[in-house]
1. Taking residue 210 as meeting all but one of (1) more than 30 Å from residue 276 (Cα to Cα); (2) free of Cβ contacts under 8 Å to residues at least 12 places away in the same chain, write down the number of the exception.
2. Does residue 56 fit the bill of being in the same structural domain as residue 126 (by TED's automatic domain parsing), within 17 Å of residue 133 (Cα to Cα) and part of a strand (DSSP E or B)?
3. Give me the pairs: first residue in region 158-172 and at positive phi, second residue surrounded by 15 or more Cβ atoms within 10 Å (Cβ to Cβ) and assigned to a helix (DSSP H, G or I), beta-carbon distance under 6 Å, and six or more apart or on different chains, which are they?
4. Which of the following residues is in contact with a helix residue (DSSP H, G or I) (Cβ under 6 Å, 6 or more places away or on another chain), within 17 Å of residue 246 (Cα to Cα) and assigned to a helix (DSSP H, G or I): 308, 279?
5. Given the conditions (1) more than 19 Å from residue 154 (Cα to Cα); (2) over 33 Å from the mean Cα position of the chain (by Cα), report the number of the one that residue 60 does not fulfil.
6. With the requirement that a residue be assigned to a loop (DSSP other than H, G, I, E, B) and on the phi < 0 side of the Ramachandran plot, what does region 35-53 give you?
7. What about residue 246, is it within 19 Å of residue 296 (Cβ to Cβ) and assigned to a helix (DSSP H, G or I)?
């Protein structure tokens with residue numbers, strides 16, 4: 001089961017006690033994945049197609065509970081994609097027009113309603129339920145072990161903008177993108193995705209996302225530390241090579257035997273331990289020397305070599 005299917009399965013098991021929240025969820029489900037047909041005055045029928053069994057069960061259960069409408073379910077299997085497709089049909093019936101009005105899918109005297117049903121969204125519970133229905137009907141969420149990405153595909157710009165606004169009231173900063181004649185409402189922030197999952201009622205899957213984020217954080221921290229250590233090692237190696245070259249020049253121009261004891265000891269220790277950082281090399285000295293003291297020995301050696309070179313010229 002995909003991560004999206006797991007989230008929708010959890011959402012399908014929720015039952016709002018508040019009727020306005022139930023209406024809001026069913027309204028979103030029908031608006032996002034339903035097709036409305038009409039023949040003559042007040043004669044309507046609806047076809048709802050989905051690839052998710054949990055969504056089909058939710059639509060049928062809520063339709064029967066709220067309006068006791070006649071429904072027909074057809075399950076088809078795609079030979080090409082090896083997936084099931086569920087088709088729910090609500091044929092013409094006297095109660096359907098009234099149901100569509102109560103769901104704010106139809107506006108009295110104005111036909112099909114364009115935006116979100118603000119009349120149904122007065123409470124936070126109703127707004128959460130509406131977004132839940134929209135996600136169940138047209139939503140996708142990536143496996144959090146990869147990228148953090150959640151989106152809801154809808155049609156109608158006014159409806160899409162309204163849904164973004166509703167998500168905003170829940171503390172989620174969603175963005176809108178036009179895509180092949182439709183609209184994709186998407187969220188890529190880990191915090192916003194968790195906030196949205198919790199608001200919709202998918203608390204268990206929100207915890208899964210949090211765990212994935214925690215693992216990513218640990219992995220990224222380890223990678224940063226490893227990269228920093230490798231960079232430090234590269235810098236130390238480069239510095240050690242430069243010091244060895246300086247020691248060779250000092251031997252040719254001055255002679256190591258002519259150096260002060262501290263500088264001579266540094267040259268001998270560096271040649272014996274070319275892999276050590278300057279700080280680690282200082283701990284090998286007798287007595288041990290600080291990194292600052294070792295750095296000043298390098299500077300002093302450089303100075304003596306420069307003076308010897310200037311005198312020879």
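1. Here residue 210 meets the rest and fails (2).
2. No; evaluated as a whole, the condition is false for this residue.
3. 171/195
4. So the residue among 308, 279 that is in contact with a helix residue (DSSP H, G or I) (Cβ under 6 Å, 6 or more places away or on another chain), within 17 Å of residue 246 (Cα to Cα) and assigned to a helix (DSSP H, G or I) is 308.
5. (2)
6. 39, 41, 43, 51, 52
7. Taking the combined requirement at face value, the residue satisfies it.
Table: residues versus (1) buried (at least 21 other Cβ atoms within 10 Å of the Cβ); (2) over 19 Å from the mean Cα position of the chain (by Cα).
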position	(1), (2)
126	yes, yes
129	yes, yes
136	yes, no
140	no, no
143	no, no
150	yes, no
165	no, yes
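The values are calculated or read from the model by the stated rules, or taken from the named source; none is laboratory data. All values reported here derive from a predicted model rather than from experimental measurement. Cβ atoms come from the backbone with ideal geometry, glycine included; neighbour counts cover every protein chain shown.
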